[in-house]
Amino acid sequence: MEPAKTVCQDGETKRGVLAHLEGLETQMNRPCKRSEELQRAQAEESALGTKIHELRHLRDKLMAEVKQRRARGKASSANVESDQTVEIGEQEVLERKQESMKAILQAYRFTGLSGKLTSRGVCVCISTAFEGNLLDSYFVDLVIQKPLRIHHHSIPVFIPLEKIAAKYLQTDIQHFLFSLCETLNAYSGRKYQADRLQSDSAAFLTGPLQRNSLCNLLSFTYKVDLMGQSFSFCARLLYEDLNATLPTNITVTYQGKEALSASWEEQRASHEALFRTKPLHRVFASFAREEELDLSLAS
Amino acid sequence: MEAERAEVRALEAEIAALQRACEQLPARWEDASRVRKSFQEIPQSDPAGWESSKDLRSHLRHLESELSFLSMLTGFSITDYSKKTEDLTSTEMTEEGVKKVLQRHRLSGNCHIVTFQLEFQILETQNKENLSSVITDLGIIMEPTEYSELSEFVSRAEERRDLFMFFRGLHFFVKWYEYRERTFKHFKDKYPDMVHLPEGACSHCMGIRSASRPGFELVIVWRIQIDEEGKVLPKLDLLTKIPRRALQLDKNGVIETAPLSFQTLLGVFGIEAAVESLISLLHARNE
C-alpha cells in the first residue's frame with residue numbers, strides 16, 4: 001500500500017485513516033515478530049535442554065569410570081605388600097615366608113591356571129581334568145609387549161586358539177585364558193572318555209572306534225547281551241559344543257537283519273538317552289553291570 | 001536461557017576435567033596395557049646366592065610381585081596353602097613296582113569379594129607305565145554364603161570332585177555378578193525416582209515405576225545360572241504389574257506379549273540398551 005502521499009480531497013482524513021491502518025499493521029507485526037522470536041527462543045531452549053541432558057549423562061558416566069579406576073588402583077596397591085611389612089628380623093622368619101610364598105605360587109596350578117614369569121612375559125600353564133582325573137597340561141608362552149602376542153604354545157592344532165585369541169587376547173586377557181581353559185578341559189574330557197571306552201570296554205565293540213582328533217565325532221558298533229538276546233547297534237555321537245563333554249546329537253541305529261521288534265526299539269531308545277546324559281565309558285560300565293546282573297539272575 | 005548456557009559451560013568444563021583424570025588412572029585389570037605395566041613393575045631377581053638378609057628380602061619382593069602378577073592374571077588371590085603327604089605303598093605294591101601316595105591339600109583365597117576355603121585329596125599312583133593322579137575328595141566352603149545361585153553349583157563341583165570347573169565357574173560367576181551390580185547401579189543413579197532395587201546393591205531384580213503412572217510396574221529379574229558343565233549364563237525375564245482397568249483396555253494384548261518382546265529386545269540390543277528402552281517407555285509418559 002502506497003504511503004498516503006497522493007493528495008485528495010479528504011487528504012487529512014485519508015492520512016488519518018492510513019496512519020491508523022499503519023498503526024494497526026505495526027501492532028499486528030509486533031506480536032508476530034514476538035511469536036517468531038518466542039519460537040526461536042523456545043527452539044534454542046529445548047536444544048539447550050537436550051544438550052544439558054546429554055552432557056549430564058556423559059559426566060555421570062565419566063564420574064563412575066574414575067571412581068572405578070580409583071578403587072581398582074587401591075586394590076592393586078593393597079595386593080603388593082610394601083617393604084614395611086617385611087620384618088627386619090631373623091633369617092628364619094624370612095626363609096619361612098619365602099617357603100610359604102613359593103608354595104602358594106605352586107598351588108596356583110590347582111585353580112587350573114598357573115604361570116611362571118619369563119624374561120619377556122609369562123608362560124601360562126593350563127591344567128585339565130575330567131571327573132577328578134588329572135589329565136594333560138598345556139602351556140601358552142605370552143610376550144608382554146604392545147600388542148600382546150603368543151610366542152609359542154603346546155595347544156593342539158585343532159583347538160581354535162587363533163579364534164579365541166582374536167576375540168579376547170588384546171582386550172581381556174582373563175577371558176582369553178578362561179575361554180581357552182574351558183575348551184581344553186572339554187577336549188581333554190572327551191578324549192578321556194574315548195580312550196577309556198577303547199581300553200576298558202573293548203569287549204563290547206564289534207568294530208574299531210572311529211574318532212576325529214578333536215574327539216567330537218565318534219562312531220562305533222557295539223553289542224549288548226541281555227535277557228538271552230544279543231542287541232547289536234551302531235552309534236554316532238556328535239559333540240557340537242566344543243566346550244561340552246556330553247554329545248549334542250546322538251543316533252543309535254539298529255544293526256540286525258531281522259525285523260525291528262518292540263524290545264529292540266525300547267533298548268535303542270534307552271541307549272540314546274544314556275549316551276545323552278552319561279559320560280561314554282560310564283554308559284558301557286553300566287552295560288557291563290547289567291550283563292553281570294542278568295547272568296547272575298539267569299543262573 | 002542464560003542460566004542454561006552457563007550450565008552447559010560448567011558441564012563441559014567438568015567433563016574435560018574428568019577425562020583428564022580418567023587418562024591418569026589405570027584402566028581395567030585385564031587389558032593388555034595394564035598387564036604390560038604390571039609386568040614392568042616386577043623387580044629383577046638375582047637367584048645366585050641370597051644368604052644375606054638383604055638379598056633374601058629382595059628375593060621376597062620378587063616373589064611378592066610374581067604372586068601379585070599371577071593374582072591379577074587369574075583373578076584369584078591365594079592367601080594360604082598347605083599340603084600333607086602320606087605314603088600308602090604296601091610291601092606287595094613295592095614288589096610290583098607300584099607306588100601309591102595320598103596328598104592332602106588345604107587352600108584358601110578369594111576371587112574379588114568372594115572368599116573360598118578348599119580341602120581336597122589327591123591319590124597318586126605310579127606304576128611302570130604311567131603316573132595317574134585322581135582327586136578323591138573335595139570340600140569347598142564359600143563366603144559370603146548369600147550367593148544362593150552359587151551354592152548349588154558348589155555342591156555339584158564337590159560331588160564331581162571337579163576342582164577346575166569350580167574355579168572356572170567361580171571366575172565367570174563373579175564377573176557376571178559384578179556386571180549385574182554395575183548395570184543396576186547405573187540405572188538407579190541415572191533414574192533415582194523411577195528405578196527401585198528391592199534388595200539393595202546386590203539385588204537380582206530391578207523395578208521400574210513412574211510417579212505419574214501409579215500402579216504400573218515393570219520388574220526385570222536377572223538371574224545368573226550355572227549349568228551342568230559349569231557354564232555361566234545370565235537369564236533375564238520381564239514381569240509386568242498392571243492395574244486391571246489398563247489390562248481391560250489392552251485390546252492388542254501388548255502386556256501379555258511384553259515378556260517375550262523383552263527377550264527379543266535383549267537379543268537385538270543387548271542388556272543395557274534393552275533396559276534403557278524399557279525405562280524410556282515409562283519415562284516418556286512423564287512429560
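The values are calculated or read from the model by the stated rules, or taken from the named source; none is laboratory data. Keep in mind that what you see is a predicted model, and the values were worked out from it rather than measured. Reconstructed Cβ throughout: ideal geometry from the backbone, glycine too, with neighbour counts over all protein chains shown. Surface areas here come from the heavy atoms of the whole protein model, side chains and all, with no ligands, DNA or RNA. Shrake-Rupley method; radii C 1.70, N 1.55, O 1.52, S 1.80 Å.
Which entries of A:LYS97/B:LYS37; A:LYS67/B:LYS235; A:LYS51/B:LYS190; A:LYS97/B:LYS83 show an alpha-carbon separation above 18 angstrom in the structure shown?
Result: A:LYS97/B:LYS37; A:LYS67/B:LYS235 exceed 18 Å.
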Exercise for the section: Give, rounded to the nearest 20 debye, the magnitude of the charge dipole that the protein assembly as shown has about its Cα centre when Lys and Arg contribute +1 at Cβ and Asp and Glu contribute -1 at Cβ. Expected result: 1420
Practice task
State whether chain B is rounded, prolate or oblate according to the following rule on the C-alpha gyration tensor (a ≥ b ≥ c being the square roots of its eigenvalues): a/c under 1.5 gives rounded; otherwise a/b larger than b/c gives prolate, and the remaining case gives oblate.
Solution key: oblate
Problem - Sparse-neighbourhood loop sites, GluC sites (Glu not before Pro) in the range B:177-215 - DSSP loop, at most 11 other Cβ within 10 angstrom - result: B:GLU199
Fill in the blank from the handout: Taking every residue of A:142-151, the Cβ atoms of other protein chains inside 10 Å of its Cβ average out to 3
Handout entry: Virtual spin-label span in nm between A:LYS51 and B:ASP227, 7 Å along Cα→Cβ
Key = 5.1
Problem - Residues of the range B:131-166 with amide N under 12 Å of the 7 Å Cα→Cβ point at B:THR115 - result: B:142-145
Exercise for the section: Check each residue of the range A:174-204 and keep those whose accessible area, probe 1.4 Å, is at least 30 Å² smaller with all protein chains in place than in the chain alone; give them in order of residue number. Expected result: A:GLN174, A:PHE178, A:GLU182, A:ASN185
Fill in the blank from the handout: Sorted by chain and number, the residues with a modelled amide H under 5 Å from that of A:HIS151, at a separation of 5 or more or across chains, are A:ASP141, A:LEU142, A:VAL143
Fill in the blank from the handout: Heavy-atom accessible surface buried between B and A, both sides counted, 1.4 angstrom probe, nearest 100 Å², is 7600
Problem - Positions from the range A:94-109 whose accessible area shrinks by 50 Å² or more when the full protein complex is built, not the chain alone, probe 1.4 Å - result: A:LEU94, A:GLN98, A:MET101, A:ILE104, A:LEU105, A:TYR108
Problem - Per-residue HN-Hα couplings for the range B:110-115 [Karplus 6.51, -1.76, 1.60; θ = phi - 60°; Hz; x = Gly/Pro] - result: 8, 10, 6, 8, 9, 9
Fill in the blank from the handout: Residue span A:GLN39 to A:SER263: 0.36 nm per residue of separation minus Cα-Cα distance leaves a gain in nm of 72.1 nm
Problem - Of A:VAL252, A:PHE275, A:THR171, farthest towards positive along the dipole that unit charges on Lys, Arg, Asp, Glu beta carbons give the range A:144-299 - result: A:THR171
Exercise for the section: Provide the per-residue ³J(HN,Hα) series for the range B:251-268, in order, calculated from phi with Karplus coefficients 6.51, -1.76, 1.60 and θ = phi - 60°, each as a whole number of Hz, with x at glycine and proline positions. Expected result: 5, 7, x, 5, 5, 4, 8, 3, x, 5, 4, 4, 4, 5, 4, 4, x, 7
Fill in the blank from the handout: Quick calc, the range A:158-299, dipole around Cα centre from Cβ unit charges on Lys, Arg (+) and Asp, Glu (-), nearest 20 debye, gives 340
Handout entry: Furthest towards positive pole of dipole, B:PHE120, B:ALA157, B:PHE269, structure part chain B, Cβ charges
Key = B:PHE269
Handout entry: Which of B:PRO192, B:HIS59, A:THR183, positive extreme of dipole for the protein assembly as shown (C-beta unit charges)
Key = B:PRO192
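On alpha carbon coordinates alone, what is the Rg over Rh value for the protein assembly as shown, Rh being the Kirkwood radius?
Here Rg/Rh amounts to 1.16.
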Practice task
Between A:THR118 and B:SER155, with labels modelled 7 Å along Cα→Cβ, what's the label distance in nm to one decimal, could you check?
Solution key: 4.4
Practice task
Mind listing the long-range amide H neighbours of A:ASN133? Cut-off is under 5 Å, sequence gap 5 or more, other chains count too, H placed in the peptide plane at 1.01 Å from N.
Solution key: B:ILE135
Practice task
Leaving ligands, DNA and RNA out of it, report the carbon-plus-sulfur percent of the accessible area of chain B at a 1.4 Å probe.
Solution key: 52
Problem - Inter-label distance, nm, simple model (7 Å from Cα along the C-beta direction), B:LEU102/A:ASP225 - result: 3.9
Exercise for the section: Name the long-range amide H neighbours of B:VAL114: under 5 Å, sequence gap of 5 or more, or other chain; modelled H, no Pro or chain starts. Expected result: none
